[in-house]
1. Note down all Cβ pairs under 7 Å where the first residue falls in the stretch 12-39 and is without any contact (Cβ under 8 Å) to a residue 40 or more places away in the chain, the second is open to solvent by less than 10 Å² (accessible area, probe 1.4 Å) and part of a helix (DSSP H, G or I), and they're at least six residues apart or on different chains.
2. Among the residues of the stretch 328-349, write down those that are assigned to a loop (DSSP other than H, G, I, E, B) and more than 34 Å from the chain's Cα centre (by Cα).
3. Only one of 352, 316, 307 is assigned to a helix (DSSP H, G or I), under 32 Å from the mean Cα position of the chain (by Cα), within 20 Å of residue 274 (Cβ to Cβ) and in contact (Cβ under 8 Å) with a residue 24 or more places away in the chain. Can you tell me which?
4. May I ask you to list the residues in the stretch 325-335 that are under 17 Å from residue 197 (Cβ atoms), open to solvent by less than 90 Å² (accessible area, probe 1.4 Å) and not aliphatic (A, V, I, L, M)?
5. Would you confirm, using the coordinates I've provided, whether residue 165 is at pLDDT 85 or above and farther than 18 Å from residue 102 by Cβ?
6. In the stretch 133-156, which residue that is open to solvent by 60 Å² or more (accessible area, probe 1.4 Å) and part of a helix (DSSP H, G or I) is nearest to residue 213 (Cα to Cα)?
7. Give the residue, chosen from 236, 240, 256, that is within 20 Å of residue 32 (Cβ to Cβ), open to solvent by 30 Å² or more (accessible area, probe 1.4 Å) and not small (Gly, Ala, Ser).
8. Within the bounds of the stretch 287-298, is there any residue that is without any contact (Cβ under 8 Å) to a residue 12 or more places away in the chain and open to solvent by 10 Å² or more (accessible area, probe 1.4 Å)?
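The values are calculated or read from the model by the stated rules, or taken from the named source; none is laboratory data. Quick caveat, the model's predicted, so the values are computed rather than measured. We place every Cβ from the backbone using ideal geometry, glycine too, and count neighbours over all the protein chains shown. Ligands, DNA and RNA are stripped out before the accessible areas are found, and what is left, the full protein with its side chains, is counted by its heavy atoms. Shrake-Rupley method; radii C 1.70, N 1.55, O 1.52, S 1.80 Å.
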Amino acid sequence: MHDDDDAQHGPLAGFTVGVTAARRAEELGTLLTRRGAAVLHAPALRIVPLADDSELLAATKELIDDAPEVVVATTAIGFRGWVEAAEGWGIGDGLLELLRGTELLARGPKVKGAIRAAGLTEAWSPQSESMAEVLDRLLEQGVQGRRIALQLHGEPLPGFVESLRAAGAEVVGVPVYRWMPPEDIAPLDRMLDTTVARGLDALTFTSAPAAASYLNRAEARGMLPEVLDALSHDVVTACVGPVTALPLQARGIDTVQPERFRLGPLVQLLCAQLPARARALPVAGHRVEIRGHAVLVDGALRPVPPAGMALLHTLARRPGWVVSRADLLRALPGSGTDEHAVETAMARLRTALGVPRLIQTVVKRGYRLALDPSADTKYVGS
C-alpha cells in the first residue's frame with residue numbers, strides 16, 4: 001500500500017463497511033466515508049428512553065426515599081434522560097436534592113458536562129472515561145456496607161457490579177434506556193443478506209446488544225450458519241472493545257478491536273487491516289490491487305461493477321492460470337446458464353479497469369490474469 005495512493009483516494013477506498021450502531025452511527029459513518037469507504041448502515045437496535053417506564057420510576061423513588069452514598073453517572077445522554085424523566089413525573093426536585101447530597105462520580109468529560117448543566121457538581125471524574133478507573137477508585141476507598149447507585153445506559157458493564165458487590169457494597173441499578181429491535185427490520189435483513197453474499201469487507205459493532213441482536217436476527221431467519229461462515233472467513237468483524245465482542249466470540253467469531261475503545265481508533269484499525277488483506281499482483285507490467293468493490297491499478301482507483309469484481313476475484317484466486325468460462329459463470333451473481341453473460345461482464349470489467357491486456361482471452365479455454373512471468377512467488381501463492 002503506497003502512502004501517495006492514500007492521499008489520492010483514502011485508505012478505505014474500494015472497501016464496503018457495515019455499520020450496525022444506532023447511537024453515533026452518523027459519526028462513525030462520516031469517519032469511514034472520509035477515508036474513502038462505502039458505508040452500509042443498518043441499526044441492529046434502537047435505544048428507547050424509559051420516560052414511561054415503571055422500572056426507572058420505581059428505582060428513582062426508592063433512591064429518594066433511601067439515599068445512596070455514591071451515584072455513578074455513566075453517559076451524558078442517560079444522565080440527562082434520567083433528570084428529564086424525573087421532572088416529567090414531578091419528582092425532579094427530589095432527584096436533584098438527592099444528587100446534591102451524594103458523592104456524584106462522572107465517568108468522563110461529557111457526563112461531567114451534563115451534571116454541570118443540571119446545576120450539580122461532580123465529586124470526581126477520571127480523565128480516561130474508563131469505568132475501570134471509576135471502579136478502582138471506589139474499591140481503593142472501600143465500599144463495604146456502602147450503598148451505590150449506578151446509572152445504567154443499555155450496554156452491559158461486566159465485572160463492575162459484581163466487583164462492587166464482592167467487596168461488600170449494595171448496588172442499585174438505575175435503568176435509563178432499554179434496547180429494542182429496530183422499528184424497521186428491513187435494513188438489518190439487507191445487511192445480513194449482503195454479509196452472506198460477501199458484499200461487505202468489514203462489519204463494525206459498537207455495543208454488545210447490537211452484536212447479539214444481529215446474530216439473533218440471523219438465527220430467526222434461518223441463516224446463522226451462512227452468516228457465521230462469512231464472518232469467520234471473508235468479512236473483518238471489528239468491535240469497539242472486548243465487551244462488544246463477547247456475543248460474537250461466544251459463536252466462535254474472531255474479532256479485531258482497537259487498543260483504545262473509541263470510534264476513531266476503530267476506524268484507524270480498519271485503515272490498517274483492510275488494505276493489508278487486499279490482493280496485490282504484478283499484472284502485465286502494472287501493479288493491480290484487488291479490493292472489495294474497486295481495483296487500484298498503479299495506484300489509480302477504478303470502480304468495478306459487482307459482476308466484474310466476481311470475475312476478477314475468481315481469476316485472482318489462481319493468478320496466471322486459465323479459468324474456464326463455466327467456472328467464471330458460476331462465480332457471477334445470480335448466474336444463469338448462458339456463458340454469453342461471462343463475455344458481457346468481462347467486456348465491462350476490461351473497460352472499468354481502463355488498462356488493456358490485464359486479462360487475456362485464451363481461445364476456447366477461458367480467461368487468465370496476465371501475471372508477470374518474473375512475479376515473485378509470494379504474489380502467486382498469496
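1. 39/32
2. 336, 337, 338, 339
3. Being assigned to a helix (DSSP H, G or I), under 32 Å from the mean Cα position of the chain (by Cα), within 20 Å of residue 274 (Cβ to Cβ) and in contact (Cβ under 8 Å) with a residue 24 or more places away in the chain holds for just one of 352, 316, 307, which is 316.
4. Scanning the stretch 325-335 gives 333, 334, 335.
5. yes
6. 133
7. Going through 236, 240, 256 in turn, just one is within 20 Å of residue 32 (Cβ to Cβ), open to solvent by 30 Å² or more (accessible area, probe 1.4 Å) and not small (Gly, Ala, Ser): 256.
8. No, because not a single residue in the stretch 287-298 is without any contact (Cβ under 8 Å) to a residue 12 or more places away in the chain and open to solvent by 10 Å² or more (accessible area, probe 1.4 Å).
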